[in-house]
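**Student:** I have a structure I would like to understand better, so I am pasting it below and will then ask my questions one at a time.
The values are calculated or read from the model by the stated rules, or taken from the named source; none is laboratory data. Every value quoted in this text rests on a predicted model; they were computed, and no experiment measured them. All Cβ positions, even for glycine, are placed from backbone atoms using ideal geometry, and neighbour counts span all protein chains on display.
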Amino acid sequence: MSASETLIKRVWNDVRAVREQAPLIVNITNYVVTNNTANSLLALGASPAMNHVAEDLPGLVDLAGALVVNIGTLADDYVEGMHVAMAQANDMNMPVILDPVAAGVNALRTGISLEFLEKYHPVILRGNASEIMAVAGEDGCPKGVDTSMEVDEARGAAKALNKRYGCVVLVSGETDLVVDASREIRLAGGSAMMPRVTGLGCTCTALAGAFAAVQPDYFQAAVDTAAVMNIAGEKAAEVSPGPGSLQMHLHDALYLLDEDTIRARLKVAAL
């Protein structure tokens, strides 16, 4: 079997595993994207729980397959919930996925991203190029939650973060980059409209939680995430005249995703 066919089979098998197992994915995420990310998880086949209340989280985390932490909202009660949930996830040996939203914009966001990496050992770090560079101590020149850097400019930062913290790093952009200690892959696809929809990067992070819940090779889980987001975004864009309908059709594309679509649309830019 060719490397391409093997990758297609792996992605499809993990999509099937999400649908068959319907893992509960606890998300502490920002209030801008909560509905969209929950619906994306449902469309893929996972079960979302969206909460940030420290007193309520232990019971949810106890039932979950993965924990997704998105620092887009850094109010005190959100941060308190993040600490409680990640500490419990570590005790349970449950995968934690971290999205360092707008790291580099200020010391607060960069500092808390580093604190979470050092203290709670997320298995996947997912961000845009500016965010990944900022967390690695480089100047990522962020534009709020957006990036001004190309994905390949963040490659060194991604490798450094993997070496320092042991996490798989998924850098999202026009072409996505996934790295761990010994593997690296770039995946293309998606649509130029995707950055015009609020929170599709956050959606990507949420889906990484679903795949990490069923795939213990977290490099493969991150590859699954990038592949599925690119394929669904590309397919949705073909029937969407603008970003408003793109969000709706993205959910449909996630729900309808099958092996033939993965085979026809998976684009590996480089291994």
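**Student:** Which of the residues belonging to segment 72-118 are β-branched (Val, Ile, Thr) and outside any strand (DSSP E or B)?
**Tutor:** Thr73, Val79, Val84, Val101, Val105, Thr110, Ile112
**Student:** Can you run down the residue pairs with Cβ atoms below 7 Å, 6 or more apart or on separate chains, where the first is in segment 59-88 and free of Cβ contacts under 8 Å to residues at least 24 places away in the same chain and surrounded by 18 or more Cβ atoms within 10 Å (Cβ to Cβ) and the partner is of a type in the set (Gly, Ala, Ser) and outside any helix (DSSP H, G or I)?
**Tutor:** Note: no pairs meet the criteria.
**Student:** Would you check if there is a residue in segment 8-27 being buried (at least 23 other Cβ atoms within 10 Å of the Cβ) and farther than 25 Å from Leu187 by Cβ?
**Tutor:** The answer is yes, given that some residue of segment 8-27 is buried (at least 23 other Cβ atoms within 10 Å of the Cβ) and farther than 25 Å from Leu187 by Cβ.
**Student:** State which residue pairs qualify: first residue closer than 22 Å to Glu153 by Cβ and inside segment 107-128, second residue crowded, with 24+ Cβ neighbours inside 10 Å and charged (D, E, K, R) in any location, beta carbons under 6 Å apart, and separation of 6 or more residues or different chains.
**Tutor:** Arg126/Asp99
**Student:** Which residues, taken from segment 43-66, are closer than 17 Å to Ala213 by Cα and out of contact with any Leu (no Cβ under 9 Å at 6 or more places or on another chain)?
**Tutor:** Those that are closer than 17 Å to Ala213 by Cα and out of contact with any Leu (no Cβ under 9 Å at 6 or more places or on another chain): Met50, Asp62.
Condition check ((1) exposed (fewer than 15 other Cβ atoms within 10 Å of the Cβ); (2) in a helix (DSSP H, G or I); (3) in contact with a Leu (Cβ under 8 Å, 6 or more places away or on another chain); (4) at pLDDT 95 or above) across all residues:
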position	(1), (2), (3), (4)
Ala227	no, yes, yes, yes
Asn230	no, yes, yes, yes
Gly233	no, yes, yes, yes
Val239	yes, no, no, yes
His249	no, yes, no, yes
Ala253	no, yes, no, yes
Asp260	yes, yes, no, yes
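**Student:** In addition: Could you give me the residue pairs with C-beta distances under 8 Å whose first residue belongs to segment 222-240 and is within 15 Å of Arg126 (Cβ to Cβ) and touching a residue at least 40 places away in the same chain (Cβ under 8 Å), whose second residue is charged (D, E, K, R) and in a helix (DSSP H, G or I) wherever it lies, and which are 6+ apart or on separate chains?
**Tutor:** Final answer for the pair search is Val223/Arg10; Asp224/Arg10; Asp224/Asp14; Asn230/Arg265.
**Student:** List the number of the failed condition for Pro195; all other conditions in (1) in a helix (DSSP H, G or I); (2) free of Cβ contacts under 8 Å to residues at least 60 places away in the same chain; (3) touching a helix residue (DSSP H, G or I) at 6+ places or on another chain (Cβ under 8 Å); (4) surrounded by fewer than 22 Cβ atoms within 10 Å (Cβ to Cβ) hold.
**Tutor:** (3)
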